[in-house]
1. How high is the relative contact order of the range 2-51, given as a whole-number percent (alpha carbon pairs under 8 Å, six or more residues apart)?
2. May I ask you to compute the full-extension gain from HIS19 to ILE6, defined as 0.36 nm times their residue separation minus their alpha-carbon distance, rounded to one decimal in nm?
3. Okay, helix-only estimate at 222 nm for the chain: each DSSP H run of n ≥ 4 adds -39500 (n - 2.57), divide by all residues, round to 500 deg cm²/dmol; what do you get?
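A short reminder: the numbers here are calculations on the coordinates, not readings from a lab. The structure displayed is predicted, hence computed values, not measured ones.
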Amino acid sequence: MIVTPILARRAGHDSPMLHLRRSQPDGMFDRFAGHVEELWGRGRNIWEASEHGQA
């Protein structure tokens with residue numbers, strides 16, 4: 001997995017890119033994967049919302 005953590009006062013292209021591999025349960029890889037799953041689960045279809053007049 002490749003992740004780019006956002007750092008305060010840095011533009012995206014100035015942030016580090018990390019290549020993570022899963023080497024143990026509940027390590028850095030699993031924590032980032034859980035974070036992505038959480039964000040994905042909260043997502044909504046923006047095209048469907050705009051069709052109903054919602055932003």
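1. Values: 25 pairs, mean separation 11.4, N = 50.
Normalised by residue count, the contact order of the range 2-51 is 23 percent.
2. 3.2 nm
3. About -11500 deg cm²/dmol.
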